[in-house]
Structure formats: structure tokens, C-alpha cells
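Have a look at the structure below, then the notes.
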Amino acid sequence: MSVLAYGVVAWLFLIGIYGVVSSRNLIHLVVCLSVSQSATDILLLEIGYRAGGHAPVFVDLPAHPGPAVDAVMQALALTDVVIGAAVTGLLLALAVQVHKRAGTLDPDKLRATRD
Amino acid sequence: MSRSARLMFFAAAAAALAATLGVGLSGLPSFGSQISAYARMLNELAPAQRHVTDVVSAISFDYRGIDTLFEEFILLSAVTGISVLLRPLSDESRQLPEDKAPDRTIPPPSPAVWLLAVFLGSLLVLTGIETVTHGQLTPGGGFQGGVIVASAVYVAYLGTNYVTVERFQPGALLEATDGVGASGYVVIGLLGLLAGADFLSNVVGLGGTGNLISGGTIPLLNLVVGVEVAGGFAILASEFLDQTAVIRTRRR
Amino acid sequence: MDLVSASAVIPASVVVPLGGAALMAGFSGLLPRWVRDVIATAVAVATVTLTLILMVASAGRPMIYWFSGWRPARGMTIGVDYAVGPLGAGMASLAGLLVCAALVYCWRYFDSARGRYHSLVLIFLAASVDFCLTGDLFNLFVAFELVAVTAFSLTGYNAGHPAPLQGAINFAVTNSLGGMTVLMGVGFLYARTGSLNLAQIGQELAGRRPDGLVVVAFALLAGGFLIKAAVVPFHFWLPDAYGSAPIPVCVLFAGVLSELGLFGLIRVWDTVFSGLAGGPTPRMRAVLLGLGIATALVGAVMALAQTQLKRMLAFVTMSHLGIYLIGVGLLTSLGLAGASLLVIGDALAKSALFLGVGAVQHQRRTVSELKLRGRGRGLAVTGVTIAVGALVLADLPPFVSSDGHALLVSAADQAGLPWLEIVIALTVVLSSGAVLRAAGRIWLGWGAAESPSPDVGTADDSGDEAEDQPDTTGRVPLTMMLPPLALLAIGLGLGLAPGLAAQAAAAAASFSDRAGYAAAVLGTPGGGTPASGPVVAAASHAVSASGLLTDLGQVAVALCVAAVALDRRTVRLRRALAAGTGWLRRLHSGLVGDQVTWLVAGLALLAALGGVALR
């Protein structure tokens, strides 16, 4: 179970980066970057998981509730989601302007900064 | 690098990085086996110390409240940054979409779509407000609820058209809500300093666990964050819609 | 300075710029332009004052501040702390000073997008202060991301040109991948140690041999910080971003942004990883020195190949980042002290250079060295500023960077690596020589009108507006002429100040003392003041005995490099060199896919090297 759980993290991170590297469209690139971002969120949540644990919300619990999962990791994952949303928004705005000014959305066709 | 050279180089590098991550991940404790003593302590203490039932909110807005202050400012700076990037530039102007076929009548919007938009929009606003205000009781809080409220703007656009939606997006008011939300967090933090404790201390009355008003500054911080996030995402909606609908480059 | 008043100063140092930025973002549309400028500058000045107070007050022992009042309990840290030391507070003050310069420069002539620019710059400042003062690993990550997010928007500011947009995209993609690796490293360390506090993590890891998890955590954390610090092979985004951002933003980036990456690296090393069993320090030193040398030399060679002034200064910045990594990578207090003084002195000089280029761009509407040939007439003050700035970067005494250079050379000697001085000298003369060559071409009209290698790429698009408008006649405005001169004057003043090297050495010693830091944060007894005596003595000795001749020699060789580069008779030599380095220049393609591929390869390499070094 651990192999699958943690393997998903490595897979998502790397496949997202593959998408970034091979992308021909900036919008596609931004979405691939957020796939990699979700890998880090999953890692945090998995580190905080406890088998048989319930959410760290202490209301309407059954008689013998058992342990709760790690609330700190959930708070960290929340922060990371916000950061990911912020960066995605910025990159999409850049993509909109690039399309207007450079006439293309293909990252490999952008030639404005090179040696 | 040529595309094929890049992909081959990437394949090798990714294999190496995969191996690295594998080594790191295999050192983690078995999935689901344990949580840290820090987390166990907070799960025990938070409901009693802060009179809240949602420990994640307590951590976000009390125990580690300074992190959330900076997180809020990440969102503020992203919204400000997007406004900067999408601002009308010197060679652009705002022109409302023009009717290309003025002799033909425009079919009115379908009543079904309009009704759905009204229903869904109101539902979103209500759900958003409920999520913001109940953050200290159940999963949710300012960030989540703010986004839900802001998505009502998108639903309004989808159900009607740009001109109608623009009336709900007074630029100055939205910016003001954004600023008020962000500075509100700072002000509430200063309350702690004024009361002689440390910055962002929870110095307001804690109330009873399980009540709507509980947790001291936690629901207040939830509220200001909700205001800021809702305002911020509404600004984003307005900026992106402007770019698609009205901003046109003047031909030189 | 008594602790009660200091305890409000610490949170104020971030609250003031954050509050100012929030008000700017919300309400600046209602205020006239000059009010916005004044308020933003006042907020920045207040922040600098607060961080300077902290720098002085924390000189003996780190000052610890717990947010929301959560002090450690049951042997565990619960809340987030700031652990203020003179090195961190000094770095924060430098950030504040450069923000002041950047804001003053923008008075009246810069499109501030209705106050949003001021807001973004103030948030950048607050995030930098947080990054330098915090003692919590996750707060460090959040500050890292906030600095990055504001920097992305500021890079793409001139959104009407493709170059800043492309620079911002490259910057954003590579650096947000860096943020992801930092967060993964944070997760790994939390899983092993159960804490997010730097001191506590360090205590948990101390005295144990690191296993695969800890090695990979180090590689991920260091990788993220090295991406920000634009160290080879993570550096490809830097010339794209720094070469096309607006000039006042380049001031912030060149002086603060990438240096924060190095600060993060050494902060995490000194508090978390330096206590690992097995004596990793000498091997890690070799790894970091190798990366530093590569960065310094690549930056210097690429700087010579540029004809677009901002991109040239970007590579000059990169070459000096390599030198700072050499200083930091020696993993000694003396090396760290030398690197700190160099960071300060060079930041002032680099900012002066960027602001000078900005004045030229404002008056002549271009930053292409070739197009500006001979057009420096009437911009004499700016020309002197740029020449002096380049010489200061070459460690012209008695500016403060020459003190830093002396400390660094002495640290290299102590570590048994005196040949590092040659590497540093080579880097410095090549990069300063490039700037002096440009100055000679622009102000003296020397040199050819075309570049020796016609296949050089962009050369022109620097992302600045108004390239098609006629030259501005008249003098450079005072708000553009005075800030660079003021920054150079501050560099001179600091260089003449007695005892600065000793203070830097003491600050570095306190920064590197892991056990003392942990004791101060966790409130446990022990630690006390670190044994900084020998380091301070070594520092004072190094500065007083510093080779005036070697510094002046470096300056002279830099001038010779510039002269050789401008001499028409050396054209065959220059063409051969250009052909020989063509492969290096073609690698800097500006394509984000290439840059991310190098990033992945670099992370894997860093993990392998880290594994060898730490075990």
C-alpha cells in the first residue's frame, strides 16, 4: 500500500514536468505545472494520514471515534493549494498577453530572450 | 536543444530524479502508520484551548496564524500582479463588443439558462457565506468560502452576458474589499499587540465550543480572509473577462 | 536595547510593509500620484529603520519572538517563531534600502499602474524580511513563495513586449518548480522529525548519520534554493528575467532576490543539517564550491558575450552569485562574513549600474551597447556612475566589497584552498571588464559598431517602452541621477567604517552556531555566546593586511580586458573566442522546456552529490 501511495507522488510530479517539457501550448503547460503541484499536496496529506483515523473535526463524532489524522499537514496543504492557484493565475495572465504580443502560444516558438 | 535531444535528455534526467524520489519516499514511515507527536498534541489541545471543533482552522488562524497572513498576501499579490499584467496598455483601448449584424435581431437569452444562473448564483453565495462563517466548526473557512462566493460572478456571466456582469463589478469597490480584507488581518493581529500580548494572539473572548461565535479571533480572521478572497477572485473574473471581451489593440 | 520594546519591533518589521501594501492595493486609486509615492517610500524607510534596530539589538544572541503567543510546551515547539540575528536583519535592511532606492527612482517617470507597483514592491519587501528573520521551515517556504509571486508579476510588468512576458514565464515555471521541491523537502523532514521548527528539526537530526530520506530532503531543499539563487545548472531563467524586467525591479532582483536563495541555503544548512554525524562539512564544501565556481565562470564568460546592457548586467549578477556561493560554500564563519560584506557592497554597486543604465535608456531610448556607441555625450554623471560601479564590483578599495573580498580570500586560505582567489579574480575581471567595455563604447565611442559574432541573438528587445520615440533632450532627472550616486556613497561609507569586518565576522559566527541557536529557540540552557573571538580576530587581521596591490591589480586587469575588447586590432582574437563559446551561448535558448530539463537533471545530480557528501 505504501508503494502505491507514495509512488503516485513521484509519478504525478514527474509526469507533470514531462508535460511542461514537451508542451506545445502555454495553457497546457500551466495545467501540467498544476499537476506537479498536486503531487506535493498529496505527499503532505499522505504523510499526515493515519489508518482508521477520522478528520480532525471534533463534532458529531460516534461513541468511540478513534484517532484523528494530522491536522497540521492539512493546514499546510491548504496553504499550498492557495499558492498553486496564485501561480496558475499569474501564468495564465502571462499566456493571454503572450498570445496577443507574440502571436503564438507555443513555448518553443518564443524567441524574445535568447543568446 | 532540438526537441528530440531535449526529450532524450529529459528521459535520462527524469529516470535519475525518479530514483532519487524513490529513495526519499522509501524512508517515509509506512503509509497510515503514525502521525507526529506535534499533531497528536494539537488534536488533543485545540478544542479545549480555543473552543473550536475544526482543528485545521485553529492551526491555520491561531497556532500558525502568521503563515496564513502571508498566504493571504500571496493571494493579494497574485491578484494585484494579474491586474498589472492584464491592464490596458498604451496601445490598447476598451471597446464594447460590437454587433456585426445590426439588421438581425439577437435571440433573447433562454429563460431556462437565466433561471438556472439565478438559482445557482444565489446558492453559491449562500453556501459561500455559510462556509466562511462556519470555518471554526466544520471544514471550510475564509479561503474556501471566498472562492465559492466569487464563483457566483462567473455563473452570472455564463447566464447572461458581459454587459450585465460588468454592472456587478465596480472596480474601485472590489479593490477596496481586497485591501480591507488584507489590512483587516493585520489589524486583528495588532489587537494582540495592543492587549499586551504577542502579534496575532487570540485576545477576544472565546465563546462556547460548538457555537457559531467561538474561537475568539478565528471567526474574525475567517471573515476578513473571506472578504479578501471573494473580492480578489471577483477582480480576476473582471480582468480576464475584460481581456477577452473588450480590450482591443489599436492598429498602428 | 531592552527586550520589551524590542518585542514589538520584531513583528512591526513585517506588519508595517504588509499594512502599507494592503492599503496601497485597496485605496491607492483614490490618492494622487505624489501621495502614493510619499507613503510608499515612507513605509519602506520605516521598515529599514526597524530592521536596522533589530540588527543592532540582536548582536549578542538571537532574539526569539513567538507569534500568537505560542511558546514551546512539552518539549515541542507549537507556534511559529522569528529568530532574529544580525546577519538576517542585515540582509533584510539591505532589501529595504534597495526598495527605497527603487521607489525613489520611480517618482514621476514610471507608470505605477495606479499604485499597484508600490503595493507589489512593499509586499516583496515584507516577504524578504520574513524570509530573513523566520525560524520556522514552513514559514520560510511561504516567504519564499511570496517573494517569488511578487517577483513574477514585477518581471512581466511591461506586458506590451514579448521579452518581459517570456522572461516572466521562464522565471515563474522554473521557480515554482523550485517551490514544489522545497515543500517536498519540508514534508520529508516533518515526517522524520515531527516538527516544522528549524531549531527543533536540527536537534532531532543532530548526531545521527543521515539516511536516504534526509539526503533527499537536503537535495530537494537545496535544489529549490539554488534554483532561486540561479546557480548552474538552474540558472537559465536569470538572464531572461533580469534582462527584461523594468529597471527599478532589476535593482531589487540583482541586490536581493537571488541572494535570498543563498541565504536560505546556508540558513537551512547551519540550523538543520550541520549537526549530522559523519562530518559532512568537508565533502559538502567541495560540492558547493564546485557549483559556485561553475556559476561564477559561466556568468563571467556570458557577460562578455552580451551587447544588451540589461542582459549583460544579469550575467554579471550571476557571476557574482557564484562568488557568494564560493564564500558561503566554504562553510566557515569567515567565509560567510566575507560573502555577506560582498553581498552588501556588490548590491549597492549593481543597483547603481542598473539605475545608470535606466537613466541612459530614459534619455536615449535603447539599451543596446552597439546602438549607443558614442551617444553618451551629455550623460557624463551617469557615465561616471557606471564606470565607478563596475570598478567597485572589481573590488576597488576602500569600498565595502573590497573588505568582503579580503575576508573571502582569507577564508579560502584558512580552508587550504588559496587557488580560489585566482578563480574569483578571473570572474571579477571578466565581468567588470564587460561593463567597462560597454562604458567605453558608449561614452568614449571606442570600438567597432558591429559585434564580432553576427549570430548573436536578440541584442535589442529589453522590454522597455518607448523605443520608437525620439531622444529626450535635456538633463537626466534628479530622481534618476541621485539614487545611484547615493548607493555608491553608502558603499564607500560602509567601507570606511571601522570594525565592520569584525561585526560581520561576529554575526556570521553566531549564525553558524547550531547548538547555540537551538538552545536560544527552545529555551534550553547551554549554548551561550559562540566562540567568535578567533573569527573576529582573523577578520580584522584580514582586512588590515589586505593586499591593496591585489585589489588594485584586479581593477587594472579589468580595465585592460575592456581595452582589449574595444581595440579593433584584436578582432580576430575576439571572433575566435566567440566561436569557441558558441555552444555555451546556444544553450541559453530562452526556451522554458530546455530550462526545466536542465532543472530536473540538476536536481538528480544534486541528490547524487549530496548523498556522497552527507554519508
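A short reminder: the numbers here are calculations on the coordinates, not readings from a lab. Small disclaimer: the values here were computed from a predicted structure and weren't measured. Ideal geometry is used to build each Cβ from the backbone, glycine not excepted, and the neighbour counts take in all protein chains shown.
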Tell me, what HN-Hα J-couplings in whole Hz come from the Karplus equation 6.51 cos²θ - 1.76 cosθ + 1.60 at θ = phi - 60° for each residue of segment C:279-290, using x for Gly and Pro? x, x, 4, x, 6, 5, 4, 4, 4, 5, 5, x
In segment C:515-615, taking the dipole from +1 charges on Lys and Arg beta carbons and -1 charges on Asp and Glu beta carbons about the Cα centre, the listed residue (C:596, C:534, C:549) farthest towards the positive end is C:596
Just rank C:37, B:91, A:60, fewest to most, by other beta-carbon atoms within 10 angstrom. A:60, B:91, C:37
Residue with peak Gaussian network fluctuation, chain B [Cα springs, cutoff 10 Å], from B:220, B:200, B:190: B:190
With chain B treated as a Gaussian network of Cα nodes joined by springs under 10 Å, which of B:74, B:59, B:148 yields the largest mean-square fluctuation? B:74
Go through segment B:22-36 residue by residue and turn each phi into a ³J(HN,Hα) via Karplus (6.51, -1.76, 1.60, θ = phi - 60°); whole Hz please, and just put x for glycine and proline. x, 4, x, 5, 6, x, 6, x, 3, 4, x, 7, 7, 10, 6
How large is the convex hull of the Cα atoms of the protein assembly as shown per residue, expressed in Å³ as a whole number? 161 Å³
Could you tell me how many degrees, from 0 to 90 and to the nearest 10, lie between the Cα long axis of helix C:420-439 and the main elongation axis, the longest principal axis, of the Cα atoms of chain C? 40 degrees
Toy charge model, Lys and Arg Cβ at +1, Asp and Glu Cβ at -1: the protein assembly as shown dipole around Cα centroid in debye, rounded to 20, equals 2300 debye
What is the diffusion coefficient of segment B:1-136 in µm²/s, taking the Kirkwood radius over Cα pairs and the Stokes-Einstein relation at 4 °C with a viscosity of 1.567 mPa s? 57 µm²/s
Please build a GNM for chain B, connecting alpha carbons under 10 Å apart, and tell me which residue among B:88, B:109, B:139 fluctuates the most. B:109
Taking the dipole about the Cα centre of segment C:1-134, with the C-beta of Lys and Arg at +1 and of Asp and Glu at -1, give me whichever of C:77, C:67, C:115 is farthest to the positive side. C:115
Along segment A:17-27, what does the Karplus equation 6.51 cos²θ - 1.76 cosθ + 1.60 (θ = phi - 60°) give for ³J(HN,Hα), rounded to whole Hz, x for Gly and Pro? 5, 4, x, 5, 5, 9, 6, 10, 8, 5, 5
Any residue on another chain or 5+ positions along whose placed amide H is under 5 Å from the amide H of residue B:209 is listed here as none
What is the projected area of the convex hull of the Cα atoms of chain C, averaged over all directions, in nm²? 25.1 nm²
Going by amide H atoms built from the backbone, whose H comes under 5 Å of the H on residue C:136, apart from near neighbours? C:81, C:198
Would you mind ranking A:46, B:130, C:259, B:175 by Cβ crowding within 10 Å, fewest neighbours first? B:130, A:46, B:175, C:259
Over segment A:1-106, volume per residue of the alpha carbon convex hull, in Å³: 98 Å³
Return the percentage of antiparallel bridges among DSSP beta bridges fully within the protein assembly as shown, rounded to the nearest 5 %. 90 percent
Anchor residue A:100: lysines whose Cα lies under 20 Å away (excluding residues fewer than 8 positions away in-chain): A:109
By a straight-distance test (C-alpha under 29 Å), which lysines pair with residue C:350 as possible cross-link partners, with residues fewer than eight away in the same chain excluded? C:228, C:310, C:371
